[in-house]
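Colleague: The structure under discussion is supplied below as structure tokens; questions concerning it will follow.
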There are 2 protein chains.
Amino acid sequence: MTVAEIAKKAKESSFLLGALPGAIKNRALQAMADALRAHASEILSANRQDLEAAQEAVTAGTMKSSLFERLKLSPEKLETVIRGISDLITLPDPVGKVLLQTALDTDLILTKVSCPIGLLGVIFEARPDVIPQIAALAVKSGNAAVLKGGKEAACTNTSLMKVLQQALEQIDGYPKNSLHLIHTREEAAEMLRLDKYFDLIIPRGSNRLIAYVKENTKIAVLGHADGVCHIYVAPSADLEKARKICIDAKTQYPSACNTLETLLLDEHLPQTFQKTLLDSLLASGVEIYGGPDVGALVQVAGEVTDWHTEYGDKKLSVKIVKNVTEAVTHINRFGSHHTDCILTRDAQEAKIFMDLVDSAGVYQNVSTRFADGYRYGFGAEVGISTGKTHARGPVGLEGLTIYKYKLIGDGQIVADYVGENAKPFLHKPVSEEK
Amino acid sequence: MTVAEIAKKAKESSFLLGALPGAIKNRALQAMADALRAHASEILSANRQDLEAAQEAVTAGTMKSSLFERLKLSPEKLETVIRGISDLITLPDPVGKVLLQTALDTDLILTKVSCPIGLLGVIFEARPDVIPQIAALAVKSGNAAVLKGGKEAACTNTSLMKVLQQALEQIDGYPKNSLHLIHTREEAAEMLRLDKYFDLIIPRGSNRLIAYVKENTKIAVLGHADGVCHIYVAPSADLEKARKICIDAKTQYPSACNTLETLLLDEHLPQTFQKTLLDSLLASGVEIYGGPDVGALVQVAGEVTDWHTEYGDKKLSVKIVKNVTEAVTHINRFGSHHTDCILTRDAQEAKIFMDLVDSAGVYQNVSTRFADGYRYGFGAEVGISTGKTHARGPVGLEGLTIYKYKLIGDGQIVADYVGENAKPFLHKPVSEEK
């Protein structure tokens, strides 16, 4: 089948998924979890095939060892994914929620109801555990999905998708053709052109992948290109907490998108505070980049050539700023609107920062690494959005829904509500007890 | 100033608008309403200049008379706009609403707060009354905006914008440069390329304008390309109501986007019912297009060559369908996901239709013409969206907001919440009384 044929079928399936009772979706999730457990050895053996080929590529120098790591699917990783699916079963159905109900007039009731978005196109790189995660989120939120994985994980991906598709086929009343896997770059390119079928594209992977997707589609894209997160250390910050937080934000998982990339130190902080903080970072293996004022405090690895740099590594840009206003201006100008933090004990200063920084996450006295759907209590996430429409920050089930307006009347026509003797609208909220 | 310079300033202004108290925004709205009233004669005289030039164009045959009508700004129209602004003052502030509040742990509180989108780019055609409407919605929702109007209304637009900008400048604490007007097609094209500044583009006008905008920008676009609305008359429909509703939906304002374009008649309806309904439409001046089965009932003007046709005129496509399933399939395939209606007295049939039709508005026994922000009780609308992300259907203040996550802690780091001795998350909702 061509991607267009796959997408057409998946889109048709999506119309049915929107009306599916939550109980059937939960049965489907249970079947997916059971099937992954039952076929674990088959899946892991497919993964070993991918890993063997990858090992050769690493040896030949054509694959980075970090990519190899992300390709690996251990029994523990698979079990974590399965438990994640079980968790989704316990969450309330995100579809069919009444978001607003208004009587426009007697017997003319407007109801805003949450519904699935429709057909999702998901493009991801190496990590094969993305398949069951995304598939489960799509099932729970009533969306159809076409997934495109990396060719390095082709065996694992194919095995996982077969198991999941078979599980869904067992479920009475679950629409056919709601979940698909495509493989090649050409197929992905075709997907991006199919705006008549796809409602949302979710790229998960490198900045390059996401930039490519945005450049090549008219379909809405959910994701983030960069994660250039900041911590601003205000004059009243607590040194001990600042040390702990900065080290966590920079070193706990340096390649994550919510990692600290630029540290802004207020010039009113005592020099000993500034030096102690930077020394702690150096001692944790962090390289520091900054100007002569920073160089006067500690040894720097070089100047900062671009303040919009995502190192994804144990490297850090450091700048001395005049005050909270300069910090906010710097962040709004050079940041990526992902997650930015102020360390302070001054409530007024904190409020300015929290109100004026234009980011999906604005933090006070806490590590930027908390920006994550699981940590936020969303159960799981399809990704983190730095866009400013639809969904922002970690996106869970709610971000995979939209709404429709249902209007139920008894023969009303607009002509009666306009002109000289127009009937007035009631616009009265319908009480939730109803 | 170039559009890039204007956009840069407006974007900077938008950061401040996000933190503006509702009282200041309401003072700004009051000043706008007062200024429009005080300068009404100046604005109407500018409009007369545009109308004189337009009259010549109509006479020369280079402008349609319908465009001329939409260009006209009467004292009554201006007063309606001013009253709309006053209405906005009474609505609650859409910014700063707490949408979710969760204790991730003791002293680690996550708050999801509504905030403005940022910088809006609005492109509209002839109607100058769009300027104060959109400006007022932008002010109330805390967004900055750059507006591009049609050149036919250049004098009126310039006059309106001057009055509004001066009104905003009087308001203490209202950020400068939050509202701009641009004029030429080239400036609009430049705006569409400025994805680094603009967060949302709202085109209001012809299908051609909207298609052009979607084709030429990477920025999120809110709007609808087509309005191909359907009414499906089920076997149990009430004839008298069906006649009233179909005539209203087709003829009450034929060029509106929520007008009926395709009528689907169930084949189980008595022939007399079908014929009477179509005769009523003919008697209201509607031309009917359809196949031989429709031609057997009444005189048709021709076959339907494309079921995705928006006539915007007193013309109607008519099809005989087998049942509700065929009606739903036809609508999902050929419709524009705008607003579609079932006429029925059968609750089960209605439920199928309401659940399975994938449109922003799904209606039961009521005219499609109700699809409108004012009629829905939203105060006003920036437009109607047929997209399936961010906002759908009539879009009012809420559709001009998004949210940010504020996380306030006391030194917490992620390292404490992972691994062997991981602290558990609480994920406990914070009660609203707090």
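Colleague: So which of A:202, A:210 ends up being under 21 Å from the mean Cα position of the chain (by Cα) and surrounded by fewer than 24 Cβ atoms within 10 Å (Cβ to Cβ)?
Modeller: Just a single option satisfies the conditions, and that option is A:210.
Colleague: Whether any residue in region B:345-352 is within 25 Å of the chain's Cα centre (by Cα) and more than 30 Å from residue A:254 (Cα to Cα) is what I want to check.
Modeller: The answer is no, given that none of the residues of region B:345-352 is within 25 Å of the chain's Cα centre (by Cα) and more than 30 Å from residue A:254 (Cα to Cα).
Colleague: A further question follows. Considering only region A:24-41, state which residues are of a type in the set (A, V, I, L, M, F, W, C) and either outside any helix (DSSP H, G or I) or under 23 Å from the mean Cα position of the chain (by Cα) (or both).
Modeller: Within region A:24-41, A:29, A:32, A:33 meet the criteria.
Colleague: Quick check on this structure: which one of B:260, B:278 is modelled with pLDDT of 95 or more and under 10 Å from residue B:318 (Cβ atoms)?
Modeller: Step by step, each of B:260, B:278 is checked, and only B:278 is modelled with pLDDT of 95 or more and under 10 Å from residue B:318 (Cβ atoms).
Colleague: Looking at region A:278-285, can you tell me whether even one residue there is touching a residue at least 40 places away in the same chain (Cβ under 8 Å) and within 14 Å of another protein chain (Cβ to nearest Cβ)?
Modeller: Checked against the condition, which is being touching a residue at least 40 places away in the same chain (Cβ under 8 Å) and within 14 Å of another protein chain (Cβ to nearest Cβ), region A:278-285 yields no hits at all.
Colleague: Something else: If you take the residues in region B:167-225 that are among the β-branched types (Val, Ile, Thr) and farther than 26 Å from residue B:15 by Cα, which one is modelled with the highest pLDDT? Steps first, please.
Modeller: Initially, region B:167-225 is screened for residues among the β-branched types (Val, Ile, Thr), giving B:171, B:182, B:184, B:201-202, B:210, B:213, B:217, B:219, B:221.
The next check asks that each one be farther than 26 Å from residue B:15 by Cα; those that pass are B:184, B:210.
Numbers: B:184: 93, B:210: 89.
Filtering region B:167-225 for residues that are among the β-branched types (Val, Ile, Thr) and farther than 26 Å from residue B:15 by Cα, the one modelled with the highest pLDDT comes out as B:184.
Colleague: So how many residues does region B:1-52 have that are basic (Lys, Arg) and more than 14 Å from chain A (Cβ to nearest Cβ)?
Modeller: Narrowing region B:1-52 to residues basic (Lys, Arg): B:8-9, B:11, B:25, B:27, B:37, B:48.
From what is left, the residues that are more than 14 Å from chain A (Cβ to nearest Cβ) are B:25, B:27, B:37, B:48.
Counting residues in region B:1-52 that are basic (Lys, Arg) and more than 14 Å from chain A (Cβ to nearest Cβ) gives 4.
Colleague: Follow-up question, since we're still on this one. Considering only region B:389-409, how many residues are in contact with a His (Cβ under 9 Å, 6 or more places away or on another chain), farther than 12 Å from residue B:224 by Cα and more than 7 Å from every other protein chain (Cβ to nearest Cβ)?
Modeller: Residues meeting the conditions: 1.
Colleague: Out of region B:363-411, which residues are touching a Ser or Thr at 6+ places or on another chain (Cβ under 6 Å) and not in a loop (DSSP other than H, G, I, E, B)?
Modeller: Within region B:363-411, B:368, B:395, B:400, B:401, B:403, B:406 qualify.
Colleague: Filter region B:340-368 for residues that are more than 9 Å from every other protein chain (Cβ to nearest Cβ), within 27 Å of residue A:119 (Cβ to Cβ) and among the hydrophobic types (A, V, I, L, M, F, W, C) and give the result.
Modeller: Of everything in region B:340-368, those that are more than 9 Å from every other protein chain (Cβ to nearest Cβ), within 27 Å of residue A:119 (Cβ to Cβ) and among the hydrophobic types (A, V, I, L, M, F, W, C) turn out to be B:342, B:353.
Colleague: Among (1) within 14 Å of another protein chain (Cβ to nearest Cβ); (2) buried (at least 23 other Cβ atoms within 10 Å of the Cβ), there is one condition residue A:216 misses while meeting the rest; what is its number?
Modeller: (2)
Colleague: Considering only residues of region B:308-322 that are within 23 Å of residue A:12 (Cβ to Cβ) and surrounded by fewer than 16 Cβ atoms within 10 Å (Cβ to Cβ), which is farthest from the chain's Cα centre (by Cα)?
Modeller: Ranking the candidates gives B:322 first.
Colleague: Could you list, in sequence order, the residues of region B:369-388 that are at the interface with chain A (Cβ under 9 Å from one of its Cβ atoms) and without any contact (Cβ under 8 Å) to a residue 40 or more places away in the chain?
Modeller: Keep residues of region B:369-388 that are at the interface with chain A (Cβ under 9 Å from one of its Cβ atoms), which gives B:369-372, B:374-377, B:387-388.
Matches in region B:369-388: B:374, B:375, B:376, B:377.
Colleague: A further question follows. Might you check whether a residue that is farther than 20 Å from residue B:203 by Cα and either away from every other protein chain (no Cβ under 14 Å) or surrounded by 19 or more Cβ atoms within 10 Å (Cβ to Cβ) (or both) occurs anywhere in region B:150-160?
Modeller: yes
Colleague: Follow-up. Sort through A:329, A:325 and tell me the only one that's modelled with pLDDT of 95 or more and at the interface with another protein chain (Cβ under 10 Å from one of its Cβ atoms).
Modeller: Every option except A:329 fails the conditions.
Colleague: I've got another one for you. For residues that are among the β-branched types (Val, Ile, Thr) and assigned to a helix (DSSP H, G or I), scanning just region A:183-240, find the one that is farthest from residue B:413 (Cα to Cα).
Modeller: The selected residue is A:213.
Colleague: Would you mind stating whether residue B:335 is closer than 30 Å to residue B:132 by Cα and more than 7 Å from chain A (Cβ to nearest Cβ)?
Modeller: no
Colleague: Give me the residue from region B:220-253 that is surrounded by 22 or more Cβ atoms within 10 Å (Cβ to Cβ), of a type in the set (A, V, I, L, M) and touching an Asp or Glu at 6+ places or on another chain (Cβ under 9 Å) and, out of that set, nearest to the other protein chains (Cβ to nearest Cβ).
Modeller: B:237
Colleague: Scan region A:296-349 residue by residue and report those that are closer than 18 Å to residue A:281 by Cβ, assigned to a loop (DSSP other than H, G, I, E, B), in contact with an Asp or Glu (Cβ under 7 Å, 6 or more places away or on another chain) and among the charged types (D, E, K, R).
Modeller: Within region A:296-349, A:310, A:314 qualify.
Colleague: Does residue B:140 qualify as being crowded, with 21+ Cβ neighbours inside 10 Å, of a type in the set (D, E, K, R), part of a helix (DSSP H, G or I) and not assigned by TED's automatic domain parsing to the domain that holds residue B:318?
Modeller: Yes: the conditions hold for residue B:140.
Colleague: Considering every residue within region A:75-97, establish whether at least one is part of a strand (DSSP E or B) and either touching a Lys or Arg at 6+ places or on another chain (Cβ under 9 Å) or of a type outside the set (Val, Ile, Thr) (or both). Before the answer, list the steps.
Modeller: Restricting attention to region A:75-97, the residues satisfying the condition of being part of a strand (DSSP E or B) are none.
Among the residues of region A:75-97, not one is part of a strand (DSSP E or B) and either touching a Lys or Arg at 6+ places or on another chain (Cβ under 9 Å) or of a type outside the set (Val, Ile, Thr) (or both), which makes the answer no.
The values are calculated or read from the model by the stated rules, or taken from the named source; none is laboratory data. The model shown is predicted, which means the values in this text are computed figures rather than measured ones. For neighbour counting, all protein chains shown are included, and Cβ atoms are generated from backbone atoms with ideal geometry for every residue, glycine included.
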